[in-house]
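Shown next, in structure tokens, is the structure this report addresses.
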Protein chains: 2
Amino acid sequence: MLRTNSCGELRLTDAGKQVTLCGWVQRNRVMGGMTFIDLRDRYGITQLVFNSEQNKELCNEAQKLGREFVIKATGIVAERSSKNPKIPTGEIEVIVSSLEILNPSKTPPFTIEDETDGGEDLRMKFRYLDIRRNPVKKALLLRHRMAQETRCFFDQQGFIEIETPVLIKSTPEGARDFIVPSRMNPHEFYALPQSPQTFKQLLMVAGIDKYFQIVKCFRDEDLRADRQPEFTQVDCEMSFIEQEDILQVFEKYAVHLFHNVKGLKLQKFPRITFADAMRDYGNDKPDIRFGMKLKNITSVVKGKNFKVIDDAQTVLAIASEGCSEYTRKQLDELTDFVKRPQIGASGLIYVKFNTDGSIKSSVDKFYSEDDLKNWMLAAEAKPGDLILVLAGDENKIRKAASELRLEMGHRLGLRNPDVFAPLWVVDFPLLEWDEEAKRFHAMHHPFTSPLPEDIPLLDSDPGKVRANAYDMVINGVEIGGGSIRIHNRKLQQKLFSLLGFTKEQAESQFGFLMNAFEYGAPPHGGIAFGFDRLCSLFGGSDSIRDYMAFPKNNAGRDVMIDAPSAISQHQLDELNLVLKEKQY
Amino acid sequence: MLRTNSCGELRLTDAGKQVTLCGWVQRNRVMGGMTFIDLRDRYGITQLVFNSEQNKELCNEAQKLGREFVIKATGIVAERSSKNPKIPTGEIEVIVSSLEILNPSKTPPFTIEDETDGGEDLRMKFRYLDIRRNPVKKALLLRHRMAQETRCFFDQQGFIEIETPVLIKSTPEGARDFIVPSRMNPHEFYALPQSPQTFKQLLMVAGIDKYFQIVKCFRDEDLRADRQPEFTQVDCEMSFIEQEDILQVFEKYAVHLFHNVKGLKLQKFPRITFADAMRDYGNDKPDIRFGMKLKNITSVVKGKNFKVIDDAQTVLAIASEGCSEYTRKQLDELTDFVKRPQIGASGLIYVKFNTDGSIKSSVDKFYSEDDLKNWMLAAEAKPGDLILVLAGDENKIRKAASELRLEMGHRLGLRNPDVFAPLWVVDFPLLEWDEEAKRFHAMHHPFTSPLPEDIPLLDSDPGKVRANAYDMVINGVEIGGGSIRIHNRKLQQKLFSLLGFTKEQAESQFGFLMNAFEYGAPPHGGIAFGFDRLCSLFGGSDSIRDYMAFPKNNAGRDVMIDAPSAISQHQLDELNLVLKEKQY
């Protein structure tokens, strides 16, 4: 080893020892005859001291060291005269007797500090410098710890991690596949997996009754801020179980992670049906760190000749606790918020239920005080509350009310990232009607089993069938989702046919799975967690990108290595491919 | 849970308990009024009993259960009258009171037994049935255990597992890349990584001083029996270290694995230079479970008018201990062995040094007994040994002698798969001359550092430069290899130029790495282990395929899911690609 100790390790008890440290120059200060260098490595910062009276030459050398130079310094650990209580090594310094420059550095394009002056693009281009910054390094350390704890947990529970293949078959149901031309099989293509779904089901058929894998998955989607073309899943599957078993095992997993990684003790997760979640929160991934449930007040508000309300399919109210003193400006902000195109409400009605018992609303000319008191009752508001009311088409207004509720939670400081409120959402619809394509889509995926009691509805009213599916939601974020799977060929065929597959399409894409079901497939089900998202939740960040070492930008580019890029004509020739005129 | 216990769990102490088991019907035997079913799951086999006198209907149902039916059976654990000491549950049986068929099964295309009647192709097509067989299941369990132990070891040593990207840039040095067309960046392509080499070096520049990852890598090579297009590496890198540190850390890793997975205690690994390995074994990955080193006897055998010898550049001898009584037939077999095209020797000379002191050879008419006694001395043979001699061109004959040595080791039972003989091979040449392309190739890869003392030779005699590189070899198999890396832009540029890169090529492919070296790159180095190979070594098998859940065949096909396959015109259009007339 080039060093005897790390830069985060030395304490007052080490005083007098000769040590050798390696690291990067964080700061270089000259104070009178003394030169002080903060030396940084993965573990911390240690102060190096050079005294020009004792060794002028060495001190001159030290003065020339620029930021981010890599050096090796040997010296004696000594107690500091002015201690720095902010860092663990703050009681000591190293009085350097010899110094070696292991590698010089150009001036970095941004400062290597917790708060840097570098913008996102620059930091991504020089990601290897960005990772030297504490917040990014800590995010990667957290991710490692979470992966390690995940594996230990599942190993202890008897799960086996099995690597499923990355070069698989294209089955373009759902999102787009990334495809990989095969040179050895001309004009044929592999696809990168969107998830190991079919393989983990085959492992259940194979008798591996508890499988897990932390695994890269791929989706060729147009990227939003929060999506990456490659992402990581904690993928799990079990045999001979029912939904209740899955919820228990994976709730235990979440409890284990929160305990071992964050030192938090979670209570038993509440469970809520999809239907109730939509009713109370307008959302199938409700943030239950706070209440302020949506209240449907349609029946008490109609018939007073106020057209907006009378014409509305649905009227929803949110009682915002203690907000009756909101100013005109605050109310205008909220109105602007709900009228934003991505929210899409046409306006916002408010009723202030003041602490003195008086009522003030934006609809005073249509409604009497008694009318509005009925609104209060229906909205379950109390004196001091502000009632926010949205009216319009059910679907649109429910979504808008959900967003407004989250905004109010945010404004009221009820969405503290250090508070964690997990829950299970169950009984999702099996199918979603796609008005444009005039056909059903699978809400989860085509392998999801219907609830047994709803199977008869598959023939009579497929849109009503509930799935044996469940999501784990924490703080308004879907952390994991899964289902009990179909393990019977006929039922699987029926599902494919409801989803608009011809028999031939189903056979060519998923014949291998349906065949497998005929050779003794056990009842099975599972779940997959979005690992990047889980890490960002634990780290208290909204961006999954912060928790990936080398993420891609919104155009799917790695700007550091400059990928994707052109390839040679020789490579294209070997793959029997020709580039076509660009479409745009 | 559908079951209370697994099929491997119940013991005599459980007698009297009511249990519910789930699993697959392994065997169904009717003996008089009794029906016995061996029920199998991941954990073992338990005997179920049905008595037609007690419950005729249930017994009839049981008799109809075919092989691989999935059933759920409830009953009482009872002591067996005729115990089976071969299985852990052999002292008990379950007297069944209720039975449910969870899923029937077609008759499987091969028997689900340790020794099956299914050929490789059939087993691969129905891999989900193959995995139900003990040897395959055990291989996957071993792999899981090894991955888990690997992660625990590196975690405990302060290494961080960091996921590097799968969609990277094509840098077609070395093997062929698999490429992935980008839809969002038309006419541009990602490549799948052949290894995370450049990313792990960037992580060192980023200050992560101990990195590891168990990671999928990809090579589009024409497949040999032992190669797979996707394979798994244990990839590691460290900063502020020298070769000695790397050897110590990763020797400790191997010792840990052998201890924790196989209960074996390994001694300190011997180290040997590449030059000595080639001299003594004709091979840079010597199997040192046995001796029989190659002896160069060129100088003592020439000048007796035997043309084969006199014309030979090199004459090598192997003293095969205790083989002086080999028969004509055995010697003919060995001659045939060395004359096979893949070995390529033109013939084999033998000298029997009998225990009675007499000598018999295939070259008696050219050499006197005294001549042959000198051969003995040079070959370090003793009475009872058989000396096998190969003569010809140095390179060809050394390779042939290496193969012959391994064959003799095999014949003499000296290559016991339960004995493990690890070693380090060091001081590899940095460059290999490619006679065809008239240029140097990197023996390891272009990022490998020369030995410091050999750097001056880069200008004067590059072929002589030794690399700061090392391989871990166990039982004749290269398990891991690595090097201290270049961390200086100028030296890296020089290497690229020696390897025939133009400045522009080097810049466009690896500019990001050389730029990174200018911002404070620490001295660093690492190693990568072939995880599939390591698993097969631990499992005592020659085939890595046995240790992968879903391997591909020699044409790179997954015959179970039938991949690769054709994709739709729509997919090709979106990627701006056209298929070209096939070349073959």
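Observations, loosely collected:
- Options B:SER346, B:SER361; residue that is closer than 20 Å to B:LEU294 by Cα and surrounded by 15 or more Cβ atoms within 10 Å (Cβ to Cβ): B:SER361
- Only listed residue being over 19 Å from A:ILE92 (Cβ atoms) and either touching a Phe, Trp or Tyr at 6+ places or on another chain (Cβ under 9 Å) or in contact (Cβ under 8 Å) with a residue 12 or more places away in the chain (or both), chosen from A:GLN63, A:GLN47: A:GLN63
- Hits in region B:208-240 - residues which are touching a Phe, Trp or Tyr at 6+ places or on another chain (Cβ under 7 Å) and within 11 Å of another protein chain (Cβ to nearest Cβ): B:ASP209, B:LYS210, B:TYR211, B:PHE212, B:ILE214, B:CYS217, B:PHE218, B:ASP220, B:PRO229, B:GLU230, B:THR232
- Restricting A:LEU122, A:LEU142 to residues that are touching a residue at least 60 places away in the same chain (Cβ under 8 Å) and either under 24 Å from B:ARG151 (Cα atoms) or in a helix (DSSP H, G or I) (or both) narrows the list to A:LEU142.
- Residue in region A:297-313 that is in contact with a Leu (Cβ under 6 Å, 6 or more places away or on another chain), assigned to a loop (DSSP other than H, G, I, E, B) and not aromatic (Phe, Trp, Tyr) present: no
- Out of A:VAL30, A:VAL25, one residue alone is closer than 13 Å to A:ALA73 by Cα and in contact (Cβ under 8 Å) with a residue 24 or more places away in the chain. It is A:VAL25.
- Selected residue (criterion: nearest to A:LYS580 (Cα to Cα)) from residues of region B:182-202 that are at the interface with another protein chain (Cβ under 7 Å from one of its Cβ atoms) and in a strand (DSSP E or B): B:PHE189
- Within region B:343-357, not a single residue is touching a strand residue (DSSP E or B) at 6+ places or on another chain (Cβ under 9 Å), in contact (Cβ under 8 Å) with a residue 12 or more places away in the chain, closer than 22 Å to B:ALA277 by Cα and in a helix (DSSP H, G or I).
- Check on A:GLY500, at pLDDT below 95 and out of contact with any Cys (no Cβ under 8 Å at 6 or more places or on another chain): yes
- The single condition from (1) within 9 Å of chain A (Cβ to nearest Cβ); (2) surrounded by 21 or more Cβ atoms within 10 Å (Cβ to Cβ); (3) outside any helix (DSSP H, G or I); (4) at pLDDT 95 or above that B:VAL94 fails is (1).
- Qualifying position, being of a type in the set (Asp, Glu) and at the interface with chain B (Cβ under 7 Å from one of its Cβ atoms), among A:GLU478, A:GLU507, A:GLU518: A:GLU518
- Within region A:483-493, one or more residues are more than 21 Å from A:GLN228 (Cα to Cα), free of Cβ contacts under 8 Å to residues at least 40 places away in the same chain and away from chain B (no Cβ under 14 Å).
- Scanning region B:159-181 for residues that are touching a residue at least 24 places away in the same chain (Cβ under 8 Å), part of a loop (DSSP other than H, G, I, E, B), at the interface with chain A (Cβ under 9 Å from one of its Cβ atoms) and not β-branched (Val, Ile, Thr) yields B:PHE159, B:GLU163, B:PRO165, B:LEU167, B:LYS169, B:ARG176, B:ASP177, B:PHE178.
- Residues being in contact with a Ser or Thr (Cβ under 9 Å, 6 or more places away or on another chain) and at positive phi - total across region B:387-440: 2
- Complete set of residues in region A:97-117 that are in contact with a Ser or Thr (Cβ under 7 Å, 6 or more places away or on another chain) and either surrounded by 15 or more Cβ atoms within 10 Å (Cβ to Cβ) or closer than 20 Å to A:GLY75 by Cβ (or both): A:SER97, A:SER98, A:PHE110
- Condition met for A:ASP130 (more than 7 Å from every other protein chain (Cβ to nearest Cβ), of a type in the set (Asp, Glu) and more than 30 Å from A:VAL261 (Cα to Cα)): no
- Residue identified as hydroxyl-bearing (Ser, Thr, Tyr) and closer than 26 Å to A:GLY526 by Cβ among A:TYR326, A:TYR253: A:TYR253
- Restricting attention to region A:383-426, the residues being part of a loop (DSSP other than H, G, I, E, B) and in contact with a helix residue (DSSP H, G or I) (Cβ under 6 Å, 6 or more places away or on another chain) number 1.
- Members of region B:233-267 that are in a loop (DSSP other than H, G, I, E, B) and either within 19 Å of A:MET1 (Cβ to Cβ) or acidic (Asp, Glu) (or both): B:PHE240, B:ILE241, B:GLU242
- Boolean, A:LYS339 is without any contact (Cβ under 8 Å) to a residue 40 or more places away in the chain, surrounded by 14 or more Cβ atoms within 10 Å (Cβ to Cβ) and under 30 Å from the mean Cα position of the chain (by Cα): yes
- Once region B:567-584 is narrowed to residues that are part of a loop (DSSP other than H, G, I, E, B) and surrounded by 14 or more Cβ atoms within 10 Å (Cβ to Cβ), the residue that is farthest from the other protein chains (Cβ to nearest Cβ) is B:LEU575.
- The lone exception for A:PRO456 - which of (1) within 34 Å of the chain's Cα centre (by Cα); (2) more than 14 Å from chain B (Cβ to nearest Cβ); (3) over 22 Å from A:PHE529 (Cα atoms) it fails: (1)
The values are calculated or read from the model by the stated rules, or taken from the named source; none is laboratory data. A quick note: this is a predicted structure, and the numbers were derived from the prediction, not measured. All Cβ positions, even for glycine, are placed from backbone atoms using ideal geometry, and neighbour counts span all protein chains on display.
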